[in-house]
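Scroll down for the structure; my scribbles are underneath it.
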Amino acid sequence: MCGIFAYVGGRKDAISLVRDGLKQLEYRGYDSWGIAYPKNEIALLKEVGHIPDKILEEPSSLALGHTRWATHGGVTRLNAHPHLSSNKKIAVAHNGIIENFEQVVSKYDLDMKTKTDSEVIPLLIEYFLEQSYSFEESVRRSLQELEGTFAIVAISSAHKELIVARLGSPLIIGETKDGFFVSSDIPALLGHTKKVLVLNDGEMAILSGSLELKNFYENVSLDPSFIEIDWDVSTAEKSGYKHFMLKEIMEQPKTILDTLQGRIKDHQPLLPELEGINPKRIIIIACGTSWHAGIVGEFLLEGLAKIPVEVEYASEFRYRDPLVEKDTLVVAISQSGETADTLAALREAKKKGAKVLSICNVMESTIARESDIVLYTRAGPEMGVASTKAFITQLTLLYLITAHYASKNKTLSVRQVQDMCDDVLSLPRYIEQVLDEKGQIEEIAKEYFESRNALFLGRGIHYPIALEGALKLKEISYIHAEGYPAAEMKHGPIALIDVNMPSIFIATRDTHTYEKVLSNMQEVRARGGKIIALATSGDRRVTELADHIISLPRTRYALSPFLVTIPLQLFAYYIADLRDCNIDKPRNLAKSVTVE
Ligand code: AGP
């Protein structure tokens, strides 16, 4: 969603630094952009649409920029950030929502010109400046008036400072020898520095030649604690691939190994974070793709570790007053660690006394920081809006957690747990084999890229992967796609089957529902439907029923969801590419969904 990028320091190219930073944030999704920098008044560049490749060159050592994903007010140049005070001497970029902006406007009789909630901030700062407060104190007093969530960056034409603050929306400061960068996320900083300070809620920083950190409620100074990020800058670049999504699909063998690094020892799972946590019940909360990973987790944890599991949409969990007993472990899964629905559900779970374990990709993200225990997926920055490598690493951690509890609860023998650990270490090799066959998937995509609808069908542990296959296709190609447990098809969706409706079946031999899936394929075939089947290599029975076969290496049940995921990601990718879609930045979507 919205992104902030800013610079203050010794360099004179602040405007292009900020433009480049906003380009890095494009993947989050946006519909307009803007940059502000000080002159006599504040100079402002802003437009609806894409950030241009070239931008006005004017020397400045201070600039702030914003990419907007509209919430309050339409997509117009006027509503694009940064917003200015009435005298045009203050500029503010804001992420989040100011819930009480109407009350603030009437309390201080402010003259709003835009339809955004954000404009209230520069107007309020101006109000306090007119009461003779310093710039810093005016910002601080303004922050105290605001309710809701925000990450803000403010500049004034009369001061060589950048003032930033956070309440609920992420904001990261990067330190270099030439000054400070500020960004909504870490990947955009990697080209400049790996030394970062993640602001906490209630903190503001005053940045010029130095950094001063404060709590803006109590006005007390704080010691900044910078951390070193170990992500590589190349992971946030396309490295010769046409799209980030394809690059990230191809990276998956490596990301699985990164996730497993140091977490298997002597053929046994090694998750010290889980010591002393012995749940009687697990509730998994997540959204979208992470929710699909959660359902795979349900099959693994219930089936192999024998712990009762429920998987809930985070957005629903929060509002239905759920029962959370003692000994319930709530597992929040989130790639970004900033998803507002998941964060709100996590807070609700904690309020009810649950311990929360989060599975996150982004270090120091809000969900990670608010959880009792964090397991990082270590997928590296995921730049494509469609989650691929993050999903596969979520599955990897859920698999390891299952092995851990299966060992602890003795629901599997030592030998079986050992097999689980050995198997997952060999998984990247199998995935390489599937990736090597991507040309075949591209050929199939050529036959179906003009379809208007598609059904994805699988049973048991493959059912969440069918849902994920459908989500991938719809979000990047805009083809209407539905995922179903295959047996549910005859309870309604079968009415849609005809020669124009492809059904993608997950029909590998590694589950006990294999025979049943074949029957479901027969039902589609009998109605003239086209079938693309994911089958175990050499399976003649599936070959006879399907129009197209995607062959997969034989594997064990618990690893099967990983393998069947890969062709579905590639299928969605090639279809979207043939349709000339904006694959890495699909319309209306945002990488990190920070509104409820
Ligand atoms: C994935 O392809 C989607 N873009 C989306 O469903 C995503 O998984 C969802 O918004 C949850 O995001 P999170 O993992 O960052 O919490």
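The numbers here are math on the coordinates, done by the rules we state, and not lab data. From a predicted model like this one, the values you see are computed outputs, not experimental measurements. Cβ: placed from backbone, ideal geometry, glycine included. Neighbour counts: every protein chain shown.
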So for the range 437-584, taking the charge dipole from beta-carbon charges (+1 Lys/Arg, -1 Asp/Glu), which of Ser451, Tyr574, Gly492 sits furthest toward the positive end? Gly492
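Could you list the square roots of 5 times each eigenvalue of the Cα gyration tensor of the range 237-434, that is, the equivalent ellipsoid semi-axes, sorted largest first and rounded to whole Å? Write out the running numbers ahead of the final one.
Working: eigenvalues 131, 102, 33 Å².
Ellipsoid half-lengths, sorted descending, are 26, 23, 13 Å.
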Under 5 Å from the placed amide H of Thr388, counting only residues 5+ away or on other chains, we find none
Label point distance in nm, His512-Tyr319, each placed 7 Å from Cα along Cα→Cβ: 3.9 nm
Positive-pole candidate from Asn100, Ala340, Ala70, dipole of the chain, charges at beta carbon: Ala340
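More than 25 angstrom separation, counting every C-alpha pair in the range 437-584; what % is that? Please list the in-between numbers first.
Numbers: 1953 of 10878 pairs.
Summing the P(r) tail past 25 Å for the range 437-584 gives 18 percent.
Considering just Cα atoms, how many Å³ per residue does the convex hull of the chain enclose? Spell out each step's value before the answer.
On the way: hull volume 92.1 nm³, N = 596.
Spread over its residues, the Cα hull of the chain gives 155 Å³ apiece.
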Grab the Cα-Cα distance for Asp53 and Asp111, subtract it from 0.36 nm times how many residues apart they are, and report the gain in nm with one decimal. 17.4 nm
For the Asp498, Lys306 Cβ pair and Förster radius 41 Å, calculated FRET efficiency rounded to 0.05 is 0.40
Using the Cα centre of the chain as origin and beta-carbon charges of +1 (Lys, Arg) and -1 (Asp, Glu), tell me which of Ala535, Ser132, Pro269 is placed farthest towards the positive end of the dipole. Ala535
Hey, rough spin-label estimate for Asn278 and Lys242, points 7 angstrom out along Cα→Cβ, what's it come to in nanometres? 5.5 nm
Can you pull the one-decimal nm distance between simple spin-label points at Gln522 and Ile227, each 7 Å off the Cα toward Cβ? 5.6 nm
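Once fully extended, how much extra length lies between Gln268 and Glu102, figured as 0.36 nm per residue of separation less the alpha-carbon to alpha-carbon distance? All intermediate terms of the calculation are to be shown ahead of the outcome.
Details: separation 166, 0.36 × 166 = 59.76 nm, distance 5.73 nm.
Length difference between fully extended and current span is 54.0 nm.
Would you mind getting me the FRET efficiency between Asp178 and Leu578? Use the beta-carbon distance for r and R0 = 45 Å, nearest 0.05. All intermediate terms of the calculation are to be shown ahead of the outcome.
Values: r = 45 Å, r/R0 = 0.99.
For Asp178 and Leu578, the calculated efficiency is 0.50.
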Eligible aspartates and glutamates near Lys12 by straight Cα distance, threshold 17 Å, same-chain separation 8 or greater: Asp20, Glu57, Glu58, Glu161, Glu175, Asp178
Within straight cross-link reach of Lys446, meaning Cα distance under 25 Å, which lysines are found once same-chain residues fewer than 8 apart are removed? Lys238, Lys242, Lys247, Lys389, Lys438, Lys472, Lys474, Lys530, Lys585
By how many nm would the segment from Leu425 to Val220 grow when fully extended, if each residue of separation counts as 0.36 nm and the alpha-carbon distance is taken off? 68.8 nm
Rounded to the nearest 20 Debye, what is the dipole magnitude of the range 437-584 about its Cα centre when Lys and Arg each give +1 and Asp and Glu each give -1 at the C-beta? 480 debye
Calculate how large, on average over all directions, the projected area of the Cα convex hull of the range 2-229 is; give the answer in nm² to one decimal. 10.9 nm²
At what distance in angstrom do the alpha carbon centres of the range 395-428 and the range 303-372 lie from each other? 23 Å
Which value at 222 nm does the chain reach when only helices count, each DSSP H run of 4 or more adding -39,500 (n - 2.57), with the total divided by all residues and rounded to the nearest 500 deg cm²/dmol? -10500 deg cm²/dmol
For the range 116-124, in order, what is each residue's ³J(HN,Hα) by Karplus, 6.51 cos²θ - 1.76 cosθ + 1.60 with θ = phi - 60°, in whole Hz (x at glycine and Pro)? 9, 6, 5, 4, 4, 5, x, 5, 5
So what's the gap between the Cα centers of the range 237-270 and the range 513-554, to the nearest angstrom? 30 Å
Report, to the nearest 10°, how far helix 135-145 tilts away from the longest principal axis of the Cα atoms in the chain, using its own Cα long axis and a range of 0 to 90°. 50 degrees
Under 19 Å between alpha carbons, and skipping anything fewer than 8 positions from Lys306 in its own chain: which lysines qualify? Lys280, Lys326, Lys408, Lys410
